[in-house]
Amino acid sequence: MTRLDPTTPATGPLAGIRVVDLTAVVLGPYATQILGDYGADVVKVESHAGDNMRYAAPWRHAGMGHIFMQLNRNKRSLVLDLKHPDGHAALLRLVERADVLVHNLRPQAMARLGLSYEDVRALNPPIVYVGAHGFRTDGPYGERAAYDDIIQGMIALPWILGETSGDRPRYVPSTMCDRVTGLNAVNAVLAALLHRERTGAGQQVDVTMFEALTEFVLSDHLGGETWLPATAPMGYPRLLAPDRNPMRTKDGYLAILVYNDRQWRSFLEAVGHADLPRERPVFATLESRSQNTAEVYAWLAGQIATRTTGEWLEILDAADVPAMPINSLESLLHDPHLEATGFFRVVEHPTEGTIRMMEVPSRWSGSPPSLRRHAPLLGEHSAEVLGELGYPPEEIERLHADGVTAGPAAAD
């Protein structure tokens, strides 16, 4: 068990980059945590109430909910009342010294706060200003709020799940849209910083959930509508096949993908059906299988049902056919590969006790990311950051007294 050391110098590729983080919930914090993992100094600016995800149970202490703790490591928390003139002035002082500003408020709300790109660029022309929100502003949805469930519904994922399962529409049980958009926001920050390195120019980038996730889904499912006029229905038949599910074995379920021609030949030989492509040409080539996916998956499901999961894993491993058992949440936590690679790290949090953290999911030979800071208490670094901005101790005390800022004790 270890303790993270916030005095450890950042070693990642973004060391020396300061990010002003005006995000909350999942999308924005996921993106800015990655930037922090990559070495950036991320200052998370919060209201006195704090990020909503601080209060998503379970928690050991209120204000440090489990999802918040998994999305906000490698950050410092600064509490500011942005509607108070002194709070707004403090934020502008922070922005003047920043390389990147990331927000997930609607652009109209940022403008009302005096924090539009034009406002910020006037103070700091080279800044990279990235907004991650629901919709492009020039469309009829431009002023609407967006959340993961809403976007999932709009991009047809619940409908697809209902159609393929024969059940009612269902959401994917993950904040997938937030996280996909968050990754797009990280890419935008990195590309804009590279552009600034080459040209000296900052810029504004808007990353929008609806458009990002529409592309995410339709790059699989645009199908025949790729051409004008359409040549076939929409949808990728392999993904829409009713039997494309974890396949039931005699004693459990198996994730298996027999995909290319070599894998099919190897699989059919292993199960004693080497002549099947001659007997049923549907199985002969990737092209023919892709045009008859329902029939192919149904036949495969019938085969998998004849043996146990352990028997199949032994057979398929020898045949070099991709297959793995289906994990539950609990078994994933103890997956032998993740245990062997040290993906889960057990550390001691100063206030939350012994906790489990996940490592950065990439390895670097020259500028490795690092885990330096725990997810912060609300306002934990208010005095520290304000001091770095040039506020003397007596002024920081006045800002506390006036309710402009708060430290962890006052916030608690």
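Only a single item in (1) at pLDDT 95 or above; (2) closer than 30 Å to Gly223 by Cβ is not met by Ala294, and it is number (1).
Out of Leu240, Leu268, Leu254, one residue alone is surrounded by 15 or more Cβ atoms within 10 Å (Cβ to Cβ) and over 34 Å from the mean Cα position of the chain (by Cα). It is Leu268.
Output the residues belonging to region 323-348 that are surrounded by 13 or more Cβ atoms within 10 Å (Cβ to Cβ) and touching a residue at least 60 places away in the same chain (Cβ under 8 Å). Within region 323-348, Ala323, Met324, Pro325, Ile326, Arg345, Val347, Glu348 meet the criteria.
Can you find a residue that is farther than 13 Å from Gly202 by Cβ and assigned by TED's automatic domain parsing to the domain that holds Glu211 anywhere in region 121-130? Scanning region 121-130 turns up no residue that is farther than 13 Å from Gly202 by Cβ and assigned by TED's automatic domain parsing to the domain that holds Glu211.
Would you confirm, using the coordinates I've provided, whether Ala185 is within 20 Å of Asp41 (Cβ to Cβ), assigned by TED's automatic domain parsing to the domain that holds Pro29 and crowded, with 22+ Cβ neighbours inside 10 Å? The answer is yes for Ala185. The set of residues in region 194-211 that are part of a helix (DSSP H, G or I) and surrounded by fewer than 20 Cβ atoms within 10 Å (Cβ to Cβ) comprises Leu194, His195, Arg196, Glu197, Arg198, Thr199, Glu211.
A quick yes/no check of all residues on (1) of a type in the set (Val, Ile, Thr); (2) within 23 Å of His374 (Cα to Cα); (3) part of a helix (DSSP H, G or I):
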position	(1), (2), (3)
Glu314	no, no, yes
Asp317	no, no, yes
Leu338	no, yes, yes
Arg345	no, yes, no
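Just one of the listed residues (Ala230, Ala301, Ala255) is part of a loop (DSSP other than H, G, I, E, B), at pLDDT 95 or above and either aliphatic (A, V, I, L, M) or under 17 Å from Thr164 (Cα atoms) (or both), and it is Ala230. Any residue at all in region 365-382 that's under 19 Å from Phe68 (Cβ atoms), outside any loop (DSSP other than H, G, I, E, B), under 21 Å from the mean Cα position of the chain (by Cα) and charged (D, E, K, R)? Looking for residues that are under 19 Å from Phe68 (Cβ atoms), outside any loop (DSSP other than H, G, I, E, B), under 21 Å from the mean Cα position of the chain (by Cα) and charged (D, E, K, R), one finds none in region 365-382, hence no. A search for C-beta distances below 7 Å between a residue of region 154-166 that is more than 13 Å from Thr214 (Cα to Cα) and any residue that is at pLDDT below 90, counting only pairs 6+ apart in sequence or on different chains, returns Thr164/Pro242.
Residue-by-condition table, conditions (1) outside the structural domain of Leu91 (by TED's automatic domain parsing); (2) free of Cβ contacts under 8 Å to residues at least 24 places away in the same chain; (3) more than 22 Å from Tyr55 (Cα to Cα):
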site: His374; (1), (2), (3): no, no, no
site: Leu378; (1), (2), (3): no, no, no
site: Val385; (1), (2), (3): no, no, yes
site: Leu389; (1), (2), (3): no, no, yes
site: Ala401; (1), (2), (3): no, yes, yes
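Tell me which residues, restricted to region 5-58, are among the polar types (S, T, N, Q) and without any contact (Cβ under 8 Å) to a residue 12 or more places away in the chain.
Hit for region 5-58 is Thr7, nothing else.
Of the helices (runs of 4 or more DSSP H) lying entirely inside region 63-180, those carrying at least 2 residues that are touching a Cys at 6+ places or on another chain (Cβ under 8 Å) and crowded, with 19+ Cβ neighbours inside 10 Å are 148-154. In this entry, Ile315 is excluded by the filter for residues that are in the same structural domain as Val25 (by TED's automatic domain parsing), touching a helix residue (DSSP H, G or I) at 6+ places or on another chain (Cβ under 7 Å) and not hydroxyl-bearing (Ser, Thr, Tyr). Scanning region 319-336 for residues that are assigned to a helix (DSSP H, G or I) and out of contact with any Leu (no Cβ under 8 Å at 6 or more places or on another chain), we see that the one that is nearest to Asp261 (Cα to Cα) is Pro336.
The values are calculated or read from the model by the stated rules, or taken from the named source; none is laboratory data. No experiment lies behind these values; they were computed from the predicted model shown. No Cβ is skipped: glycine too gets one built from the backbone with ideal geometry, and neighbour counts run over all protein chains shown.
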